[in-house]
Amino acid sequence: MAWSMDGRADEDEAPPDPAARKPVHHDYTEQDFEGHRAHTVFVGVHVPARRHSHRKHKHHHRNGDKEDRPGPAIMARVRRLSVTEDGETLTPPAQRVQFILGEDADDTTLESHPLFSEMEELVKDGDELEWKETARWIKFEEDVEEGGNRWSKPHVATLSLHSLFELRSLILNGSVILDLDASSLEQVAENVLDSMVTDGCLAYDKRERVKDALLRRHRHQHEKRNHNNMSRLPLIRSLADIGKNHSSCKNFQDGGPRRPAPRNCPPTHISLLQAHDSRGSYLAVPVDEGGTTSGKGDFGRFLGLASAGGAHEDMMVKSPSSLSMHRNHSSGDLPMNGDINHKCNTHFMRKIPPGAEASNILVGEVDFIEKTLSAFVRLKTGTIMGDLTEVPVPTRFMFVLLGPPNSNSSFHEIGRAMATLMSDEIFHEVAYRAKKRDHLLAGIDEFLDAVTVLPPGEWDPAIRIEPPAAIPSQDVRKRPNDNNQKEEFDEEEEEQKQREESGLARSGRLFGGLINDLKRKAPWYWSDFKDALALQCIASWIFLYFACLSPIITFGGLLGEATGKNMAAMESLVSGFVCGMGYGFFSGQPLTILGSTGPVLVFETIVFEFCKQIGWDYMSFRFCIGTWTTIILITLVAIDASALVCYITRFTEENFATLIAFIFIYKAVENVISIGKKYPVKTHPDEVLNYNCYCLPSNYSRVPEHFNWSTVNREFCQVYNGTLSGEGCDTKVYVPDVFLMSIILFLGTFIISVILKDFKNSLFFPAKVRQIISDFSVIIAILSMSFLDYKVGVKTPKLEVPSEFKPTLPSRNWVITPFNGNPFWSALVAILPALLGTILIFMDQQITAVIVNRKENKLKKGCGYHLDLFILAILIQICSIMGLPWFVAATVLSINHVNSLKVESECAAPGEKPQFLGVREQRITHILIFITIGCSVLLTPVLRHIPMPVLFGVFLYMGVASLKGLQFFDRILIMFMPQKYQPDHMFLRQVPIRRVHLFTAIQLACLICLWVIKSFSSTSILFPLMLVVMIGIRKSLDLMFTRRELKILDDVMPEMTKRNQDELCELGDAEVGWLAKILGLCIRK
């Protein structure tokens, strides 16, 4: 291989900065550095590797400070981590990288920054050579597609293993310069070429030609090509604008004496001097290092332009990046710093992470060298180098690779390998912290250890791999392996700590849990209002308003029938307003939505029938039950009974959530079918219908003596206690189009909601527009289907809302009398139903709270189980006094409330998928939902235009949406899939499929039992007790499944007592993570 070079085993450290031997004076002020620190964007640039001679850099040790040298222990470890002459490592690369990253972990000066990598290749444009951008990386690779003259889709970079080995050889044998003090591309080129000439890698007579190639102009993909012979203009304009380039440098200070000009701020009046030496003829800008104009014949540091009579006749166009812009300058000054035709891609800057630096990779072939030249350079500080980078971010790393012709295809792959390495999280850290060549080699070796190879015969390299939805964490590559045992060893203590932080551990004092909840939630109270300033909250409010309103009114109608209209739709609306406001302002978890539930309706029905049979006043007896329920709930809060919630694992909560979701789906379909029964469709058009039906008087009729019965229709016949007679009395009255239109509205609402909810992941429109459409998906569905119903004009059933604010039953008031004719001992009888009601309320409330507070939701403001139960107890007492229905946590509504407020990351880097960040935790949506429900009486003229099938479609959507993310539902679906089509869930990797199916079958059997018990009115009152039984069934599964299997498929339940040592030792055979603890116990034994 022409450019392979022998390594130098005796060279431990990279060559020093050649410019360190030159006196350089900087007139930077402290303000300049402060501005640089505050507004810095870092970018790394790569320089091609070079051949090294076998020389030792003794000046490293001579210039180093003795007190800065590491101690003997560190030096001994460094020697253990070195590379031998044969290239063999004495320790695994992963350990060496961990040592490099951990050696200066506390040194804040070695802070790394995000990197934007750009690769440019040397191409011929007409008669001129130029650097053309061909690829870029932030996290994923984007290539310039020459045919379409556009950027490709971001994709995962796929590299050939050969290119990685070639790159390693270049780093091993080429030039590596770390912490180079340079502020322009010309200075970088000078230093790199000096090093190459000194090492004998580059002949001196070819030095200038290589330099000219490095300083060619850079053309980026976003720039439009101009063919109007601009070859000479960039440099001329650069020279003409030198006086303006650093106009911000002040030579006068408030009329005071003139200060020396900084090195990069030339005097206002300069002359271009004709110069000639061994480097050829050029125009020189003489600048003295001390800040004054140099004398005649002493050109000092200059900008060179090849003249007509010089040695180079090709009139090479210099890059404006030969002049740099210091990092304390703004990006708006860029045109003043070089080619005024160079326009930075400011639009793409939105994708660059804050504080990023650039890594520039320059690869190409030239015909005047015979050997491959390469260099890797890390600048001491990032510097914006004119048009070198597509975006105005400072360059920190450079990798340059130049070689003879017919090597370009190989160079292209090596450049891609270098850029991909710089985008790798681990090598990126190593590149910032590396102190010598061996550190870079260790980073490459670690990358090679972690790389995955695809067989060539089973995969097409031309296929672009889509970026993954979730990028796995690379922390495992950073930390030593011995940390894993420690983490597993402390697993039980960590779970106990999490329970204590959530308030699910007993405090040991009265109301201790409530006090801890108040302390936990108080610091977040004001932020609960400020965090609601988002358009997403408006969408959530309107969606949940309609989602809550229809169940409240429907529940009110059913409750009116069950309680003799003592409580109906109006009372339900008032109860929603009272409970919603109180819970929204004072609860511990305002994401939980209160609502009416089926078990509460059954409970009210049983109590009403009992009072009706013995002749007691229902509302007064209910007041006593509510008072006892409040007392019992407050007692449970006092003794921290909510700590028992830790026994409600995923097994129980997902059974409950799946059941409620199925009920929502079933009821939505059932309600639409009931419309078909009320408005049947005539399926046999040729059928002759007989509607002959008349009303006859009966013995119970109370009408005048000469009443005309022939004019009485069916409805009034029943009012007058008449008897219907005739063959057509049982004939159905068909209503055209109502049922079919209801089905269209029902399915249309559901389908539009589902499609628009996922619209944020579509390929149309900007991300912000997609997010807004997704947030308002249900509202758009309701409005569009309501408008369709209005335009068609079919009389579908509409939402009925009370129009007057008054009790449904005229004989009752808004305040209930405690006894009202009931015996005083009825208050003691009320204790028994109060206990049953307490179990019902406690289980409904706490299971829903557990689902809302799942760790998968990434809530940051903590839980409030005790505070929630205390507030609910107060609200139940208020509702009992006012004669209002009791509201408890509604599972499906709460799940949809959480889902509507989920926050995802904004996709910054191209190809990066949005990541779930958490939930927008606030109180405003809860408060606004129930304020609007309380004002629904005033909105009756508008609400009466909303078709009921549209709201049934919303119910179906909520039921289906709440099933998403339930592992139980996923496992049910897996039972019907062939094994080769099963999704790649983590629990399928770690638990045998038969054990998974067994666990699912047990859980499904429990779900069926809950459904059967809930379906019959005679047994539905036992539903809360069955939830307690579910916890017992889950506990018994400890005998059937190992602890590891239960932890993966469910959650580990807290141990009531510590297992003895024999059980722990037996468990050790299946529990690898607890090996340390088990061995310790067995040794003591």
Next on the checklist: Step by step: first the residues of region 787-817, then only those that are open to solvent by 30 Å² or more (accessible area, probe 1.4 Å) and among the charged types (D, E, K, R), then the one that is farthest from Met948 (Cα to Cα). Which residue is that?
Outcome noted: Lys806
Checklist outcome for this item: Thr346: passes all of (1) open to solvent by less than 10 Å² (accessible area, probe 1.4 Å); (2) of a type in the set (Val, Ile, Thr); (3) modelled with pLDDT under 90; (4) over 19 Å from Leu185 (Cβ atoms) but (1)
Checklist outcome for this item: So, first residue hydroxyl-bearing (Ser, Thr, Tyr) in region 821-835, second residue surrounded by fewer than 18 Cβ atoms within 10 Å (Cβ to Cβ), Cβ within less than 8 Å, six or more apart or across chains; the pairs are Ser826/Phe819
Next on the checklist: Can you find, within region 357-369, the residue that is farthest from Glu425 (Cα to Cα) among those that are in contact (Cβ under 8 Å) with a residue 60 or more places away in the chain and surrounded by fewer than 24 Cβ atoms within 10 Å (Cβ to Cβ)?
Outcome noted: Phe368
Checklist entry - Tally time: how many residues in region 417-442 are part of a helix (DSSP H, G or I), open to solvent by 20 Å² or more (accessible area, probe 1.4 Å) and among the charged types (D, E, K, R)? => result 3
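Residues of region 370-395 being aliphatic (A, V, I, L, M) and either touching a Gly at 6+ places or on another chain (Cβ under 7 Å) or open to solvent by less than 10 Å² (accessible area, probe 1.4 Å) (or both), which ones?
Listed by number, the residues that qualify are Leu373, Ala375, Val377, Leu379, Met385, Leu388, Val391, Val393.
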Checklist entry - Would you pick out the residues in region 893-908 that are crowded, with 20+ Cβ neighbours inside 10 Å and assigned to a loop (DSSP other than H, G, I, E, B)? => result Leu901
Item to check | region 811-852: number of residues that are at pLDDT below 90 and small (Gly, Ala, Ser) | outcome: 5
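Being among the β-branched types (Val, Ile, Thr), over 27 Å from Ala568 (Cβ atoms), open to solvent by less than 20 Å² (accessible area, probe 1.4 Å) and not in a loop (DSSP other than H, G, I, E, B) narrows it down to one residue among Ile876, Ile851; which is it? Show your work before the answer.
Working: Ile876 fails: over 27 Å from Ala568 (Cβ atoms).
Only one candidate passes the filter, namely Ile851.
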Checklist outcome for this item: If we keep only residues of region 198-216 that are part of a loop (DSSP other than H, G, I, E, B) and touching a residue at least 12 places away in the same chain (Cβ under 8 Å), then the residue most open to solvent (accessible area, probe 1.4 Å) is Gly200
Item to check | Matching option when the condition is at pLDDT below 75 and surrounded by fewer than 18 Cβ atoms within 10 Å (Cβ to Cβ), among Met325, Met315 | outcome: Met315
Item to check | Every pair of residues 6+ apart whose Cβ atoms lie under 6 Å, when the first sits in region 110-139 and is more than 15 Å from Gly382 (Cα to Cα) and small (Gly, Ala, Ser) while the second is buried (at least 20 other Cβ atoms within 10 Å of the Cβ) and at pLDDT 90 or above | outcome: Ala135/Met119
Checklist outcome for this item: From the option list Lys861, Lys855, single residue qualifying as among the basic types (Lys, Arg) and in contact with a Lys or Arg (Cβ under 8 Å, 6 or more places away or on another chain) is Lys861
Checklist entry - Taking into account only those residues within region 754-787 that are closer than 20 Å to Lys798 by Cα and in contact (Cβ under 8 Å) with a residue 24 or more places away in the chain, which is nearest to the chain's Cα centre (by Cα)? => result Val778
Item to check | Residue count, region 909-936 (criterion: modelled with pLDDT of 85 or more, in a loop (DSSP other than H, G, I, E, B) and open to solvent by 20 Å² or more (accessible area, probe 1.4 Å)) | outcome: 2
Item to check | Among the residues listed as Phe969, Phe999, the single one being over 30 Å from Pro797 (Cα atoms), of a type in the set (Phe, Trp, Tyr), surrounded by fewer than 19 Cβ atoms within 10 Å (Cβ to Cβ) and touching a residue at least 40 places away in the same chain (Cβ under 8 Å) | outcome: Phe969
Checklist outcome for this item: Those residues of region 642-662 which are assigned to a loop (DSSP other than H, G, I, E, B) and buried (at least 22 other Cβ atoms within 10 Å of the Cβ) amount to Ile648
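The values are calculated or read from the model by the stated rules, or taken from the named source; none is laboratory data. As the structure is a computational prediction, the values presented were derived from the model and not from experiment. Quick reminder, even Gly has a Cβ in these numbers, built from the backbone with ideal geometry, and neighbours come from all protein chains shown. SASA here: full protein model, heavy atoms, side chains in, ligands and nucleic acids out. Shrake-Rupley method; radii C 1.70, N 1.55, O 1.52, S 1.80 Å.
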